[in-house]
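Engineer: Structure below; questions to follow.
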Amino acid sequence: MSTHDHDRTDARFVGMADLAEPPSVAVVVDVMRAYTVAAWAFARGAEKIVLAGSLDEALALTARRPDRVALKDGAPAPGFGAVNSPGLLRSADLRGRTVVQKTTAGTVGALAVREASLVLCTGFVVAEATARVLRCRGDDTVTYVVTGEEGRAEEDLACAQYIARRAAGAETDAAPYLRRAAESRAARELAAGIRRGAHPDDVALCLELDRFPFAMVASLEDSLMVLRPYDTAPPLGVGGAAGGR
């Protein structure tokens, strides 16, 4: 499906199965919890995040590398120093470390669009920073990849639609979008303790709008898909410019 939120921007919302060809600009959305966790990892000092294609690859990339920590969905497991929970990660000391992340949906979505010219990974915690990057670029078409529940995750779609409106420059009340996310299946399952490797604060942390000032850009580095923070705050006295971090 697609919607024209702005005269010059075609915002397309697709599941991973609907990616017939690499998009030019891709915004990969995983609110609960991969890209909320990624943002927290950067906030806790991580230098970069390698998005792994499998659990075995994550373990291989961290073997005998004390500067790297492997992170996955679910309960803790041998070889994995972290789990995919913002509530559990927010107290970690990741200064100078590389996180190798493998999740069920979020990392898969980024790898699926690795040929795109720009890949932004996002959730509500970095929504405005993501929208700012898109506003500065002014691309004709932006593809939003809804990673959860085979493209039907309400929290991811709500976040994608909110960012698309902000990217188009529309004044937008975030409350209805956050409400949709709070009432989503993922939120209910997390709140009920159905998902392993979770913290009671995870849902609330995933719904903290614009908690962090940076966007997150993924790109290929030596055949690996690497996620890094991207500072979108303009320098003092300068408006509208985005600079790398």
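Coordinate-derived values only; no laboratory data. Since we're looking at a predicted model, the values are computed, not measured. Backbone-built Cβ (ideal geometry, glycine too); neighbour counts: all protein chains shown.
Engineer: Arranged from highest to lowest average of other beta-carbon atoms within 10 Å per residue, in what order do the peptides 106-112, 224-230 appear?
Structural biologist: Ranking, from highest mean packing down: 106-112, 224-230.
Engineer: Can you compute the FRET efficiency between residue 57 and residue 93 using 1/(1 + (r/R0)^6), with r the Cβ-Cβ distance and R0 = 30 Å? Round to the nearest 0.05.
Structural biologist: 0.75
Engineer: Would you calculate the separation in nanometres between label points at residue 114 and residue 150, each defined as 7 Å from the Cα along the Cα-to-beta-carbon direction?
Structural biologist: 2.5
Engineer: In terms of modelled amide H atoms, which long-range or inter-chain residues lie less than 5 Å from the amide H of residue 30?
Structural biologist: Hits under the 5 Å cutoff: 35, 122.
Engineer: Can you give the helix-only mean residue ellipticity at 222 nm for the chain, where every DSSP H stretch with n ≥ 4 adds -39500 (n - 2.57) and the sum goes over all residues, rounded to the nearest 500 deg cm²/dmol? Each step should come with its number before you reach the end.
Structural biologist: Details: 9 runs with 74 residues, N = 245.
It comes out at -8000 deg cm²/dmol, rounded to the nearest 500.
Engineer: Follow-up. Check which residues have an amide H placed less than 5 Å from residue 225's amide H, if you skip close sequence neighbours.
Structural biologist: Residues meeting the criterion, in which the H sits 1.01 Å from N, are 51.
Engineer: Read phi for every residue in the stretch 182-188 and hand back ³J(HN,Hα) as whole Hz from Karplus 6.51 cos²θ - 1.76 cosθ + 1.60, θ = phi - 60°, with x for Gly and Pro.
Structural biologist: 5, 9, 6, 4, 4, 5, 4
Engineer: Give the calculated FRET efficiency between residue 75 and residue 175 to the nearest 0.05, with a Förster radius of 30 Å applied to their Cβ-Cβ distance.
Structural biologist: Efficiency at R0 = 30 Å is approximately 0.30.
Engineer: Same structure, new question: Residue by residue, what Karplus-based ³J(HN,Hα) values in Hz, rounded to whole numbers, does the stretch 166-175 have, using 6.51, -1.76 and 1.60 with θ = phi - 60° and x for Gly and Pro?
Structural biologist: Residue by residue, the stretch 166-175 yields 5, 5, 7, x, 7, 5, 9, 7, 6, 4 Hz.
Engineer: Using DSSP, restrict attention to beta bridges with both residues in the chain and report what percent are antiparallel, rounded to the nearest 5.
Structural biologist: For the chain, the DSSP antiparallel bridge percentage is about 40.
Engineer: Quick check: residue separation of residue 192 and residue 21 times 0.36 nm, minus the Cα distance between them. What number comes out in nm?
Structural biologist: Extra length available between residue 192 and residue 21 comes to 57.8 nm.
Engineer: Applying the Karplus parametrisation 6.51 cos²θ - 1.76 cosθ + 1.60 with θ = phi - 60° to the phi angles of the stretch 63-72, what ³J(HN,Hα) value in whole Hz is obtained for each residue in order, glycine and proline being reported as x?
Structural biologist: Couplings: 4, 6, 10, x, 7, 10, 10, 8, 9, 9 Hz.
Engineer: Counting other C-beta atoms within 10 Å, and keeping those with at most 13, which DSSP coil trypsin sites (Lys or Arg not before Pro) do you find in the stretch 46-140? Numbers along the way, then the final one.
Structural biologist: On the way: sites: 48, 64, 68, 72, 90, 95, 97, 102, 114, 132, 135, 137; in loops: 64, 90, 95, 97, 114.
Sparse-neighbourhood loop trypsin sites (Lys or Arg not before Pro): 64, 95.
Engineer: Would you mind calculating the gained length between residue 221 and residue 201 on full extension (0.36 nm times residue separation, minus the Cα-Cα distance), in nm to one decimal? All intermediate terms of the calculation are to be shown ahead of the outcome.
Structural biologist: Values: separation 20, 0.36 × 20 = 7.20 nm, distance 3.38 nm.
Full-extension gain reported as 3.8 nm.
Engineer: Can you give me the angle between helix 127-137 and the longest principal axis of the chain, using Cα atoms only, in degrees from 0 to 90, rounded to the nearest 10?
Structural biologist: The angle comes out at about 50 degrees.
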